[in-house]
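The values are calculated or read from the model by the stated rules, or taken from the named source; none is laboratory data. Model, not experiment: these values are computed from the prediction. Quick reminder, even Gly has a Cβ in these numbers, built from the backbone with ideal geometry, and neighbours come from all protein chains shown.
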């Protein structure tokens, strides 16, 4: 197992919204100094619901996987997908969003490449800035 990469005490973060299955989710991503994502928080507009709890727990597991060096593309390929390749869960949508944001910020820097990303557009993806 890879050692856990600890985030700095003070770190940049960004918050964005994803709509999945007509439910709004707020996603906050904390970044390492290099700009790579290092932690993820997901909260549902229906606070206190089972969906909110699952989203929060999924974000904890995603954060731990990232901090232990699991590539986002590996996580992307392990998550449930629809027959068209799109993510079937909020966690999958968040992973796809993180990958897309990396591609937009740094081009096709390895290990992420455009061939590893299912095509989508912002409207289908449910993303808002």
query = Out of curiosity, is residue 90 surrounded by 11 or more Cβ atoms within 10 Å (Cβ to Cβ), modelled with pLDDT under 90 and touching a strand residue (DSSP E or B) at 6+ places or on another chain (Cβ under 9 Å)?
reply = no
request  = Kindly list the number of the only condition in (1) at pLDDT below 95; (2) more than 20 Å from residue 104 (Cα to Cα) that fails for residue 31.
outcome  = (2)
note = Counting only residues in segment 1-24 that are closer than 16 Å to residue 100 by Cβ and crowded, with 16+ Cβ neighbours inside 10 Å, the one modelled with the highest pLDDT is identified as 18
